[in-house]
Amino acid sequence: MKLTQQHIEDDNKKNLTSQNNQYNFLADSLTSKGYDVNSIINKLSEFQVAIPSWALGAGGTRFGRFSFYGEPSTLEQKIEDVGILHSLTQTAGAVSLHIPWDIPSDYNAIKEKAGALGIQFDSVNSNTFQDQKNAKESYKYGSLSNTSKAVRDQAIQHNIDVINIGNKLGSKSLTVWLADGSSFPGQNNFQTALQNTQDSLKEIYKGLPDDWKLLIEYKPYEPNFYSTVIQDWGTSFMLANECGEKAFSLVDLGHHLPNSNIEQIVSVLMLKGKLGGFHFNDSKYGDDDLTVGSIKPYSLFLIFNELVYGMENNPQNPDLAWMIDASHNVKDPLEDLLQSLEAIQEAYAKALLVDQKALRTAQLENDVTKCQEILQGAFRTDVRPLLAAARLKTGGAINPIESYRNLAVRAALIKERGKNTIATGL
């Protein structure tokens, strides 16, 4: 299924007057305070977030998975779904593939389909947390950290194969997340596991094209609950430094212990020029992979405040890769992703409203109350008319969720694909 510009324009008509009224009111208010509203709209319009190929179907838990009708069963259909999201929001202009879940059978055809929908290929993701069919070695006791050289060599080669696949598609980065760790004390030698991982990552790094990045993800626990080899941002940062200037840390919002100060982590990594990318989601207890902004919207805003500051003041840090990494256990996956895209844009827009000069002055004067007022003033602003204006400027929907339902997208997908299709991946 493909949404046409006419579909969206027709659906926008009933909300256009209300949107114009709300936008004009907000724009006048912001302009009177010295904000460049057009500049904010342009930044929102340019901000793109990658959709992971594995998140276009229903998610699951350790106990079960409940499929959602009309799921995409092929990579071609997944790209079509990303096209739907991009048509509605104009902010989902990239797809991130997970290998071997989504290996193209015809690279030229896949690139043509994606290009026709305005979709680029973002970071490619390797998979050494599952044993694959016909694999000679098993990752049961780890991959890049394994005590067996044969297992490590297999995992290294897989990552190099993923780089080659991504290179054919136009990707420019490899994301590595390891499930490696131990479930019981004494199971692993911590130093040996870390040294093996470091040596393995260096071998993968050698296979990077000159214009690529290596993004190293981290996670404090799960699937191993005693120790994880790359358990925190410091370990990721250290490994990135050991690999070289093309290696960076990747921050997943769910990959932190409760109440971790993620905005401080973001700030430090950008200062050191080593923040490579972001995986957006939300959580209540752990790595819940919930809809972005559904639990901690203020925390998301504070993170974006540091990101906006870093993008303006840390030229030593590269352009960031943005991606949603969520699991849609009970929602329509496309509706969940639309909500996440909206939450990300909302947090970004609010962060753009922070008066950084005034905040810096208040910080230097130790005016704690003023600092809080500046931040919360931006956070309390209803920026949704700005988001809608940015979408209108680029041909998107005023209200993506509403348009998605008005245009009966899910019903059309079910009619086209049936009720029994199952997406690869999560």
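The values are calculated or read from the model by the stated rules, or taken from the named source; none is laboratory data. Being a predicted model, the structure only gives us computed values, none of them experimental. When we count neighbours, we look across all protein chains shown, and the Cβ atoms used for this are built from the backbone with ideal geometry, even at glycine. Heads up: the accessible areas ignore ligands, DNA and RNA and are worked out on the full protein's heavy atoms, side chains in. Shrake-Rupley method; radii C 1.70, N 1.55, O 1.52, S 1.80 Å.
Data for the structure
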{"quantity": "Cα-centred dipole magnitude for the chain, charges only on beta-carbon of K, R (+1) and D, E (-1), debye, nearest 20", "calculated": "400"}
{"quantity": "The chain - percent relative contact order, Cα under 8 Å, separation 6 or more", "calculated": "23"}
{"quantity": "Highest-fluctuation residue, GLY93, GLY273, GLY166 considered, GNM on the chain with Cα pairs under 10 Å", "calculated": "GLY273"}
{"quantity": "Per residue, the convex hull volume that the Cα atoms of the chain enclose (Å³)", "calculated": "144"}
{"quantity": "Solvent exposure, largest accessible area first (probe 1.4 Å, DNA, RNA and ligands not counted), of TYR285, TYR139, TYR226", "calculated": "TYR285, TYR226, TYR139"}
{"quantity": "Area accessible to solvent at THR421, 1.4 Å probe radius, in Å²", "calculated": "20"}
{"quantity": "Cα centroid of segment 3-64 to Cα centroid of segment 88-127, whole Å", "calculated": "22"}
{"quantity": "Sequence-distant residues sharing a close amide H with ILE51 (under 5 Å, placed H)", "calculated": "ALA94, VAL95, SER96"}
{"quantity": "For segment 316-326, 3J(HN,Hα) per residue [Karplus equation, 6.51 cos²θ - 1.76 cosθ + 1.60, θ = phi - 60°, Hz, x = Gly/Pro]", "calculated": "6, 9, x, 4, 8, 9, 10, 8, 8, 9, 10"}
{"quantity": "Cross-link partners of LYS43 among aspartates and glutamates (Cα-Cα below 13 Å; sequence separation of 8 or more within a chain)", "calculated": "GLU312, GLU346"}
{"quantity": "Solvent-accessible surface (1.4 angstrom probe) belonging to GLU416, in square angstrom, nearest 10", "calculated": "100"}
{"quantity": "Residue pairs, from the table LYS168/LYS213; LYS172/LYS213; LYS14/LYS331; LYS172/LYS274, whose Cα atoms sit over 18 Å apart", "calculated": "LYS14/LYS331"}
{"quantity": "Calculated log₁₀ intensity ratio I(q)/I(0) where the Debye formula runs over C-alpha points of segment 260-415, q = 0.13, 0.16 Å⁻¹", "calculated": "-0.70, -1.01"}
{"quantity": "Whichever lysines have a C-alpha closer than 17 Å to that of LYS140, once near sequence neighbours (fewer than 8 apart) are set aside", "calculated": "LYS149"}
{"quantity": "GLY277 long-range amide H proximity, modeled H, under 5 Å", "calculated": "VAL251, ALA321"}
{"quantity": "Violating pairs (Cα-Cα greater than 31 angstrom) within the set LYS219/LYS419; LYS13/LYS113; LYS111/LYS415", "calculated": "LYS219/LYS419"}
{"quantity": "Peptides 320-328, 36-44 ordered by average Cβ neighbours within 10 Å, highest first", "calculated": "320-328, 36-44"}
{"quantity": "SER173 long-range amide H proximity, modeled H, under 5 Å", "calculated": "VAL124, LYS213"}
{"quantity": "Aspartates and glutamates whose Cα lies under 14 Å from that of LYS393, excluding same-chain neighbours fewer than 8 positions away", "calculated": "GLU9, GLU46"}
